[in-house]
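Below is one structure, written out as structure tokens; the observations come after it.
Every number here is computed from the coordinates shown, using simple stated rules; none is lab data. Only a predicted model underlies this, so the values are computations on that prediction, with no experimental measurement involved.
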Amino acid sequence: TANTDAVIVHHAQHCELGYVHPPILTDATAVTKNADVIVNNAPISSWYNQNEGTIFVEANSHSALGVGSNNFVTDFSDGSTANAIRSYYDRGISAARPATVMFAGSAFQGSIVATGDSYLQGMRYAQAYKLNDRQLAIDGTSIGTDLTATMPTGIDKINIGTDLSGSSPLNGYIQKLEYYDTRLSQAE
């Protein structure tokens with residue numbers, strides 16, 4: 001609509017690993033497609049709130065990656081794991097389960113992980129956070145809370161579809177990603 005900031009991306013594809021692509025009409029040979037790693041190298045300080053926020057994602061994950069290979073959706077960080085707010089599909093036990101983890105000053109602030117394995121084919125996933133008040137909600141239902149979290153500082157980067165090293169890519173799709181600079185309520 002008029003007077004609003006928006007980005008619309010159609011027919012996007014996120015690839016977990018490089019692969020050989022058939023010859024493109026202008027090329028005589030096959031080309032190798034590298035994995036998609038989306039990193040925002042521009043400072044996010046103009047819109048990111050260091051004190052609180054909400055990350056909302058509509059996504060799904062495929063089960064092709066093995067157990068122990070997390071699939072990162074977003075990774076807000078200071079360029080390291082010392083200060084980070086991470087959203088991912090946890091694959092520590094079996095199928096992908098939505099999860100969030102936070103680090104502040106190199107100290108682990110805890111994780112919130114959904115139970116069950118029914119999240120592969122899509123969900124609405126939100127994590128809201130501020131000092132001593134974190135929550136993960138899926139499809140409008142609270143999955144877990146943490147009332148003891150310290151907030152990370154110096155967050156100035158976001159990776160989409162991977163962690164900051166690019167080693168844990170999302171094997172799936174992100175239909176929507178929204179960031180709010182305030183901690184929204186569960187109803188919101």
Starting from the Cα-Cα distance between Ser106 and Asp78, subtract it from 0.36 nm times their residue separation and give me the gain in nm to one decimal. 9.0 nm
Report relative contact order for the stretch 98-188 in percent, whole number only (criteria: Cα-Cα under 8 Å, sequence separation at least 6). 23
